[in-house]
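The structure appears right after this line, and notes come after that.
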Amino acid sequence: MDIRQIFSNNKKWIAEKLKTDRDYFEKLCLDQNPDILYIGCSDSRVTAEELMGVQPGDVFVFRNIANMVSNTDLSAMSVINYAVSHLKVRHVVVCGHYHCGGVKAAMQQADLGLLNPWLRNIRDVYRLHKNTLNQIRDEEEKYKKLVELNVQEQCINVVKTPDVQKAFKERSLKVHGWVFDIQTGKLKDLEIDFDKILKDIMEIYRLE
Ligand code: CO
């Protein structure tokens, strides 16, 4: 791709937006009031806004390799704090995807240098669910299951944060685990039973 193309694309995009609303950008700069915090993978094929069909201003977005929510990651913790406690989003979504390179790398025995500590978080998910995963003979199916379990564990990590726990008490906030299937373009709700998970984990992680 010619990087200059981006700037002509941008000009076209501005013109399109102004065609439907002459004050589009003036309105956009007034404030942001997103309903959703989306935590997804950095994978170039898994866009956030485009696959959800939403517009600028609708979703607060955070992406990293394999959609991880690590409590030592200042960036992730700051995003959650800001989105939940200041922007007061009503939904937090962790969206993983099949064919995730990060998850695949974590399943292989290889020294990946700087990525080792990052991928170790996914290996921890594997260890937690080793019994379930080792029962799956088909490698492709096992890999898909790990993608799903990783989403579930990252949702749990979201729930462990004080901002989310406070919001649960004070107002309505929902956490969702989704998976995007690159092969079909479909977004799948894992329908994780958070009431049950919450009961299980709050016994240990309750902060207030
Ligand atoms: Co990925």
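Points to keep in mind about this one:
- So VAL84, is it outside any helix (DSSP H, G or I) and under 18 Å from the mean Cα position of the chain (by Cα): no
- The stretch 91-100, subset part of a loop (DSSP other than H, G, I, E, B) and within 15 Å of the chain's Cα centre (by Cα), residue nearest to the ligand (Cβ to nearest atom): CYS100
- Residue in the stretch 133-148 that is surrounded by 13 or more Cβ atoms within 10 Å (Cβ to Cβ), out of contact with any Lys or Arg (no Cβ under 7 Å at 6 or more places or on another chain), acidic (Asp, Glu) and more than 23 Å from THR72 (Cβ to Cβ) present: yes
- Of the residues making up the stretch 1-58, those that are of a type in the set (D, E, K, R), surrounded by 10 or more Cβ atoms within 10 Å (Cβ to Cβ), part of a loop (DSSP other than H, G, I, E, B) and within 28 Å of the chain's Cα centre (by Cα) are ASP35, ASP43, ARG45, ASP58.
- Checking every residue in the stretch 66-73 against the condition of being within 16 Å of the ligand (Cβ to nearest atom), in contact with a strand residue (DSSP E or B) (Cβ under 7 Å, 6 or more places away or on another chain), assigned to a loop (DSSP other than H, G, I, E, B) and on the phi < 0 side of the Ramachandran plot gives at least one match.
- Candidates VAL151, VAL164 - the one that is at pLDDT below 95, surrounded by 18 or more Cβ atoms within 10 Å (Cβ to Cβ) and either within 16 Å of ILE36 (Cβ to Cβ) or in contact with a helix residue (DSSP H, G or I) (Cβ under 6 Å, 6 or more places away or on another chain) (or both): VAL164
- Subset of the stretch 155-175 [closer than 13 Å to LEU198 by Cα and not in a loop (DSSP other than H, G, I, E, B)]: CYS155, ILE156, ASN157, VAL158, VAL159, VAL164, GLN165, PHE168, LYS169, LYS174, VAL175
- Of all the residues in the stretch 120-132, those that are within 14 Å of the ligand (Cβ to nearest atom) and surrounded by fewer than 16 Cβ atoms within 10 Å (Cβ to Cβ) number 0.
- Among the residues of the stretch 116-127, the ones that are within 20 Å of GLY40 (Cβ to Cβ) and in contact with a helix residue (DSSP H, G or I) (Cβ under 7 Å, 6 or more places away or on another chain) come to 3 in all.
- Count of the stretch 101-119 residues which are assigned to a helix (DSSP H, G or I) and either touching a Ser or Thr at 6+ places or on another chain (Cβ under 9 Å) or away from the ligand (no atom under 16 Å from the Cβ) (or both): 6
- Residues (under 16 Å from LYS186 (Cα atoms) and within 10 Å of the ligand (Cβ to nearest atom)) located in the stretch 45-65: ARG45, VAL46
The values are calculated or read from the model by the stated rules, or taken from the named source; none is laboratory data. Computed from a predicted model, the values in this text were never measured in an experiment. Every residue, glycine as well, gets a Cβ built from its backbone with ideal geometry; the counts of neighbours run over all protein chains shown.
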